[in-house]
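Written below as structure tokens is the structure these notes are about.
The values are calculated or read from the model by the stated rules, or taken from the named source; none is laboratory data. Keep in mind it's a predicted model, so treat the numbers as computed, not measured. All Cβ positions, even for glycine, are placed from backbone atoms using ideal geometry, and neighbour counts span all protein chains on display. The accessibility values were calculated without ligands, DNA or RNA, using every heavy atom of the protein model including side chains. Shrake-Rupley method; radii C 1.70, N 1.55, O 1.52, S 1.80 Å.
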Amino acid sequence: MTTRYRVEYALKTHRRDQFIEWVKGLLAVPFVLYSEPTGVFGDGTDVDQSAAEAHRRYAEIFRDVELMIDDHMSRQLDASFPSKLRMLVPTAGPFFTRLPLEGAFKYQDRKRYISSRRYVAPSFNDVRLVLNSAQIMAVTGGALQLATFDGDVTLYDDGESLEPDLMKKNIKIGIVTAAGYTTADRYYGRLHGLLDAIAESTELDPVQKQNIVIMGGEDNYLFEYSQSSPHRLAPVPREQWLTPEMAAWGDADIAALLDVAEGALRDCVRTMNLPATIVRKDRAVGIIAVDPSIRIARESLEETVLVVQRILEASTLGFPMTNSAGMNARKGSVSRARIPFCAFNGGRDVFVDIGDKSWGVTVCQQWFGAGPGRSIKGENTLHVGDQFLSAGANDFKARSVGTTAWIASPAETVELLDELAELMDKKLP
């Protein structure tokens, strides 16, 4: 219930994705002009004709947005002359692939009958799922090399929603999760369904079985698959996988940033009288309820995230990894002493991690790409997650290093993987 509550809060009542809201606004015009709600009462209105006209208009809008994204991609590295899309939606981030939005809409319309609705306009979730389908279409046809997944709402607790089907196609898998465990047994407890399925598979050869890693604590603990381990995982020493930029983060600077974060968390606990206790780890610090049965108010958790984030931003120690910062950091434009961090609301707790999921995905790209300089590229990477909106949303950061799909439940992950499999097998028109 906790994770479902968090996702619904993010999708329905909190901050909105400006790009999706803009597209939704465009679709509202033909809905108002061409929907015929009176037709259901038998006044002679041709409902099928109305639906066909609405479908045509919606498809035209998605085609126009598709062309605007093409123009944006040709200009997104040139800050001196912004694209039309950037002027209309200033927060539009980098695009790694074209998005066949018209085709994706037609596919989703066959599933959701968006054009046939008379009283409910195209919704936020309608647009989100069209974008997911467009992104899936864009990375198939041999382009997809790496798929990374959030480990909470994206996957069922036992990992059953992520079957090794992708691994049969030699696609690499990374589970990039905020859960920061230092031992393999804790991850096995959450993902035993997936790991046991890989171990028992007779269709995967030994090389293919190694095509999965678990990246914990956003980007702080790497585990590779181990057939001989009782927990199917083995830890990888940090010096074997750190990127050059991550290796430059000094231990003293990391400890100092976590000290500042801990102080901010303590202040929040005191000023809001939160029933919480501080948890300090080597690469993270956070608050959890003093009793598992206690639920801290969502507003208090969001307030804590924003307070801690602002304090760390104002310090000389840390910077949050936004899209643009993520791109610049990899070009060496950020001082070494500035440590990236991610402050996020986990639904029942708040944690501040060193780094974020953009670095976690980057490590997976480097690991499976056989090292620096040969990393898997952003256009060949798909990250599937659920936190793209709420304060400190940690999946949002992955947008700076690869393509993304935004899901709201494990069931949507299953649908997404089924859609991906159909496309890869050329079953979709």
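Just a few scattered comments:
- A simple packing score, the average count of other Cβ atoms within 10 Å per residue, orders the peptides 343-352, 97-106, 60-69, 240-249 as 343-352, 97-106, 60-69, 240-249, with the highest score first.
- Pairs from Lys281/Lys377; Lys172/Lys397; Lys169/Lys377; Lys24/Lys111; Lys168/Lys281; Lys84/Lys172 whose Cα-Cα separation, in the structure shown, is over 30 Å: Lys281/Lys377; Lys168/Lys281; Lys84/Lys172
- Distant-in-sequence amide H partners of Ile296 (H built 1.01 Å from N, under 5 Å): none
- A Förster radius of 30 Å, combined with the Cβ-Cβ distance separating Val29 from Ala411, puts the computed FRET efficiency at roughly 0.40.
- The stretch 69-188, accessible area per residue, ligands and nucleic acids excluded (1.4 Å, Å²): 42 Å²
- Cα gyration tensor shape for the stretch 226-325, rounded if a/c is under 1.5, else prolate or oblate: oblate
- Long-range HN-HN contacts of Val350 with modeled amide H, under 5 Å: Ile287
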